[in-house]
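What follows is a single structure, written as structure tokens, with notes after it.
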Amino acid sequence: MTFTMDLLAIGLTTIDIAMHPVDTLPPVDAGVLVDTIRLSPAGTAGGVAMVAAALGLRVAIASAVGDDLQGVAVRHGLAAAGVDTRFLAIDAARPTSSTILPVRSVGQRSTYHMVGASMFAALPDALDAMLPSIQAVHWGAVHLPGVARQGPAFLRRARAAGAFVTCDLTAPREGTMEDLARILPFVDLFMPSLAEVVRLHGDDDLHAAAARFMAMGAGGCVFKLGAQGSILLAPGREVRMAALPIDPVDTTTCGDSFCAGFHAARLNGLDEEDCLRFATATAAQVAMGVGTLGALSDFAATRALSRQIGPLP
């Protein structure tokens, strides 16, 4: 089979407006100068697509934006990065999902989010015809109402067509576990953060959490542990990876960039340990700058940086 698309990213797509550094709010009618204000397409689909394209993958996105200036910025940013936007719908009835991010000097941030079109985007029928040409699918649409009914059947068809499927979360809430129960049987790797694991599972027992998610159908789990690194748990396999010691500037897109980096490494033939290593280096570079791409360079530079990372015992 000849694949024409490396990765299809499905789910939340926002415009992020990041300001850095913002350590205090000014009084009413006062102003503060900041070093950086940056607009970036982002989200569990938009951010993954941007980072994966920067790493050299052929990427398509399935999501939606509004018929507004934010939507113009998202469409332009994705297209300029080389992302195929033919399945990025324009929803004239809703605004573009948008987030304002005051980023502190230590890299942490608060969020002001406006729910928009990508929450309600349905999967177009035309996607099915494309499935035989797609190597991997990243499902960043857990519990999004627009695709909730379509998800299991679509992912079943994607797997049947030969795609490697990963799944990440937006923010766990009531109903998330029920949605996961429907889609995890068609997911090769479930990739939540530690905070999301604790929220869903109730504690930070990673082995018990992985066993639970695999009993629900997932082929394996990659848990993103922030400064503690990451761990891959699958039947008969456990791989732990240390984090890079960095001074973070903006950690907003670290989780999405980790997922994109894992796909880039896997699609370039790296083994599971090196995929974790490369994903870690991808997230670290993104965290060292402001916005979705941060200080990310390209695949070669990320591969060189990844060789500095060792596995945890």
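Scanning segment 6-27 for residues that are assigned to a loop (DSSP other than H, G, I, E, B) and more than 17 Å from the chain's Cα centre (by Cα), we see that the one that is nearest to residue 83 (Cα to Cα) is 21. Being at pLDDT 95 or above and either under 25 Å from residue 58 (Cβ atoms) or out of contact with any Asp or Glu (no Cβ under 9 Å at 6 or more places or on another chain) (or both) is not true of residue 247. When 267, 296 are checked against the criterion of being farther than 20 Å from residue 41 by Cα and either modelled with pLDDT of 95 or more or touching a strand residue (DSSP E or B) at 6+ places or on another chain (Cβ under 9 Å) (or both), a single residue qualifies: 267.
Taking every residue in segment 209-225 that is within 15 Å of residue 238 (Cβ to Cβ) and pairing it with any residue that is among the hydroxyl-bearing types (Ser, Thr, Tyr) and at pLDDT 95 or above, at least 6 positions away or on another chain, the pairs with Cβ-Cβ distances below 9 Å are 222/166; 222/230; 223/193; 223/230; 225/193.
Of the listed requirements (1) under 27 Å from residue 163 (Cα atoms); (2) touching a strand residue (DSSP E or B) at 6+ places or on another chain (Cβ under 6 Å); (3) touching a residue at least 60 places away in the same chain (Cβ under 8 Å), residue 282 misses just one: (2). Please go through segment 87-99 and give me each residue that is farther than 21 Å from residue 55 by Cβ and not polar (S, T, N, Q), ordered by number. Within segment 87-99, 89, 90, 91, 92, 93, 94, 95 meet the criteria. Quick one: in segment 158-176, which of the residues that are in a helix (DSSP H, G or I), touching a residue at least 12 places away in the same chain (Cβ under 8 Å) and surrounded by fewer than 19 Cβ atoms within 10 Å (Cβ to Cβ) is nearest to the chain's Cα centre (by Cα)? Across segment 158-176, the extreme among qualifying residues is 176. Every listed requirement among (1) of a type in the set (Gly, Ala, Ser); (2) surrounded by fewer than 16 Cβ atoms within 10 Å (Cβ to Cβ); (3) modelled with pLDDT of 95 or more is met by residue 218 save one, (2).
Each row is one residue, and each column tells you yes or no for (1) surrounded by 24 or more Cβ atoms within 10 Å (Cβ to Cβ); (2) at pLDDT below 95; (3) among the small types (Gly, Ala, Ser).
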{"position": "1", "(1), (2), (3)": "no, yes, no"}
{"position": "19", "(1), (2), (3)": "no, no, no"}
{"position": "38", "(1), (2), (3)": "no, no, no"}
{"position": "70", "(1), (2), (3)": "no, no, no"}
{"position": "74", "(1), (2), (3)": "yes, no, no"}
{"position": "95", "(1), (2), (3)": "no, no, no"}
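Scanning segment 95-133 for residues that are within 27 Å of residue 263 (Cα to Cα), of a type in the set (A, V, I, L, M, F, W, C) and not in a loop (DSSP other than H, G, I, E, B) yields 101, 117, 119, 120, 127, 129, 130, 131.
Quick one: in segment 47-68, which of the residues that are under 19 Å from residue 268 (Cβ atoms) and among the small types (Gly, Ala, Ser) is surrounded by the fewest Cβ atoms within 10 Å (Cβ to Cβ)? Among those that are under 19 Å from residue 268 (Cβ atoms) and among the small types (Gly, Ala, Ser), it is 56. The C-beta contact set for segment 134-157 (first residue touching a residue at least 60 places away in the same chain (Cβ under 8 Å) and part of a strand (DSSP E or B), second residue of a type in the set (S, T, N, Q) and surrounded by fewer than 17 Cβ atoms within 10 Å (Cβ to Cβ), distance under 6 angstrom, 6+ apart or interchain) is empty.
The values are calculated or read from the model by the stated rules, or taken from the named source; none is laboratory data. Every value quoted in this text rests on a predicted model; they were computed, and no experiment measured them. Because the Cβ atoms are built from the backbone with ideal geometry, glycine has one as well, and the counts that use them run over all protein chains shown.
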